[in-house]
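The structure appears right after this line, and notes come after that.
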Amino acid sequence: MTNYFHTIDNKIRNMGFGIGLRRKHFGEIFDNNDGIDVLEITSENFMKLGGKEHDILAKAKEHFPLVAHGVSMSIGGPDPLNEEYLQELIKLVKFIETPYFSDHLSYSSAFGVEYHDLIPLPFSKEAVNHVVPRIKQVQDMAGLPFLVENPSYYVEMPGAEMSEIDFLLEIVEKADCGILLDVNNVFVNATNHGYDPKKYIDAIPRERVLQYHIAGHFDEGEFIIDTHGADIIDEVFKLYEYSIRHTGPVTTIIERDFEIPPLDDLIAENKLVRAAGTRALEVEV
Amino acid sequence: MPTLEETMRMMHSLLRGEKTPEEMKEFFGTSEKRLEIYQRFVRNHVTKTLAKNFVMLRRLVKKEIWQGLRDEYFKNYPATGWQLNDTSKSFVDFIAKKVREEKMFAGEEFYIELAQFEWEEVVVYCSELITPKPHEIETPVLNPTLSIMDFRYPIGTFIYYWRNKKRKDPWIIEKEYLKEQPQMLFLIRHPQEQRVFFHVATDPLLFAFKVVHDQISLPDAIKLSGQTEDTVRKILADAHQAGIIILPENF
Ligand SMILES: [Fe+2]
């Protein structure tokens, strides 16, 4: 078995700070990008599109290192992995020359139906055994390391035999893949399911974390929702700093999928993230 | 303890709206509100995409009717493709069925054609084909994203009129558009603008299309049309400008 995860060196592990490439910013991102070291591509927003998206992508790869992040792989789904989807995804990851690709530890389609949303898996041994070979399969197909992201979830599926963190760790160890650690999701899940987010982070082997997501969320009262539609709050910044002290510097992307603000606002927020990441490491020294 | 598949099947019936959060809360051991989030999100992805892809049709029908349509569509046409726009792909068939079998919109086929037009705009925009640049070709070529649509109703005139008028809701459709008046449209993703445009297929545009489609040489095109070389060149240049054909750089 090829060992993809260990092909990542420190330079790839820390490409700096960046944002997602959004249609709203297509017109200005190449002229206005102060402090943006890297862009994240939401794979499905560019796959199989020959027009503006294709042109922008070709230009973006000349200007920035790009990383691919998907939402529709359905790595935990009950149906066989979608071959056509994977072929298109591989075409994209080869085109943008991303050093790795990622998706969520959840599922987004089942029994022939696409949900276009991330549905949580039960934290069971059966689910571990189901997901691990599928991760190996996509890594082998793409010939690149795959990163699983810790998704947010509002309902703990019946049949849990372990904690959320043990579920994630068992899968990444067995599949030998990386982690895309979404700090906002850790915060959201810890709040919604009542656990200590710092303990969750402490448990993660530092070398497994190859990328961070940081984002805002929405307070629904009884629980909070990870909408990627608001500014990052202070507590998430603090948790991010805590996590960076644990893992060392790792590529960090601000996720903003809804109510996308003007580019200038994201550039400003990216500077705050950089400041937090830098501050975290100064404290360690 | 339920198996992975049992849990997923239960979730499936919730997400498809076959079961209510109330009915499922015991199995999942959680509040209705938390289950409702998932049900709402999955449904919203489909209905919001539909609203975005069929703006004209949506604005022509009363709010309650639109809501009824999208709910029935969600229930009966589950999404099967990983592309979000694919969730709208059967909507034209659905509207056709409503108009023809249930005589919705007084059985006016205009509404089917309007839906066809709006969906084709999405298809053309999303085409994975890449339009060659003038310096990449030796002879004139058709824009690979070109779609030719034959309508029984004056869809192009209607769209042009309504998009430029910026009418307030609710929109009411004038009778003139519901009279049959065949119209052929060219839809393309414009190579420079990278947006979708449509053009009514006028004689000059049809001629330019034929010349390029049949690979007719310039001298033969001049002979065939009985026009001067300047006129033929102008016709081809206009079709190039419109994005229907691509002329080589040195043409
Ligand atoms: Fe994320």
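The values are calculated or read from the model by the stated rules, or taken from the named source; none is laboratory data. Computed from a predicted structure; not experimentally measured. Every residue, glycine among them, receives a Cβ derived from its backbone with ideal geometry; neighbour counts consider all protein chains shown.
Look at (1) within 16 Å of the ligand (Cβ to nearest atom); (2) within 14 Å of chain B (Cβ to nearest Cβ); (3) modelled with pLDDT of 95 or more and you find that A:H228 fails only one, number (3).
For region A:109-132, the criterion of being free of Cβ contacts under 8 Å to residues at least 12 places away in the same chain, surrounded by fewer than 23 Cβ atoms within 10 Å (Cβ to Cβ) and among the hydrophobic types (A, V, I, L, M, F, W, C) is satisfied by at least one residue. I need the full set of residues from region B:15-53 which are in contact with a Ser or Thr (Cβ under 7 Å, 6 or more places away or on another chain), away from chain A (no Cβ under 11 Å) and not aliphatic (A, V, I, L, M), in order please. Of everything in region B:15-53, those that are in contact with a Ser or Thr (Cβ under 7 Å, 6 or more places away or on another chain), away from chain A (no Cβ under 11 Å) and not aliphatic (A, V, I, L, M) turn out to be B:K19, B:N53. Taking (1) surrounded by 20 or more Cβ atoms within 10 Å (Cβ to Cβ); (2) within 11 Å of another protein chain (Cβ to nearest Cβ); (3) under 22 Å from B:F197 (Cβ atoms) in turn, B:A115 satisfies each apart from (2). Residues of region A:191-220 that are over 27 Å from A:F101 (Cβ atoms) and within 15 Å of the ligand (Cβ to nearest atom): A:F218 alone. Residue count for region A:212-226, restricted to those that are under 13 Å from A:S152 (Cβ atoms) and acidic (D, E): 2. Taking into account only those residues within region A:44-60 that are under 20 Å from A:L266 (Cβ atoms) and within 20 Å of the chain's Cα centre (by Cα), which is farthest from the other protein chains (Cβ to nearest Cβ)? Here the residue is A:A60. When region A:95-113 is limited to residues that are away from chain B (no Cβ under 13 Å) and in contact with a helix residue (DSSP H, G or I) (Cβ under 8 Å, 6 or more places away or on another chain), the one that is farthest from the ligand (Cβ to nearest atom) turns out to be A:E97.
Selection of region A:125-168 for residues being closer than 27 Å to A:I90 by Cβ, within 16 Å of the ligand (Cβ to nearest atom) and more than 14 Å from every other protein chain (Cβ to nearest Cβ) yields A:F146, A:L147, A:V148, A:E149, A:N150, A:L168. A single member of B:V122, B:V99 is assigned to a helix (DSSP H, G or I), within 12 Å of another protein chain (Cβ to nearest Cβ) and not acidic (D, E), and it is B:V122. Within region A:244-254, does at least one residue satisfy the condition of being touching a residue at least 60 places away in the same chain (Cβ under 8 Å), surrounded by fewer than 19 Cβ atoms within 10 Å (Cβ to Cβ) and aliphatic (A, V, I, L, M)? Checked against the condition, which is being touching a residue at least 60 places away in the same chain (Cβ under 8 Å), surrounded by fewer than 19 Cβ atoms within 10 Å (Cβ to Cβ) and aliphatic (A, V, I, L, M), region A:244-254 yields no hits at all.
Taken together, B:I159, B:I235 contain a single residue that is β-branched (V, I, T), in a helix (DSSP H, G or I) and more than 19 Å from B:W119 (Cβ to Cβ), which is B:I235.
Considering the conditions (1) of a type in the set (D, E); (2) crowded, with 19+ Cβ neighbours inside 10 Å; (3) closer than 29 Å to B:N44 by Cα, A:D176 is excluded by exactly one of them, (3).
The number of residues in region B:70-84 being more than 10 Å from every other protein chain (Cβ to nearest Cβ) and either in contact (Cβ under 8 Å) with a residue 60 or more places away in the chain or not aromatic (F, W, Y) (or both) comes to 5.
Screening B:G81, B:G17 for residues that are at positive phi, modelled with pLDDT of 95 or more and assigned to a loop (DSSP other than H, G, I, E, B) leaves exactly one candidate, B:G17.
Comparison of A:D257, A:D182, A:D234 shows that the only residue that is modelled with pLDDT under 95, charged (D, E, K, R) and within 14 Å of the ligand (Cβ to nearest atom) is A:D257.
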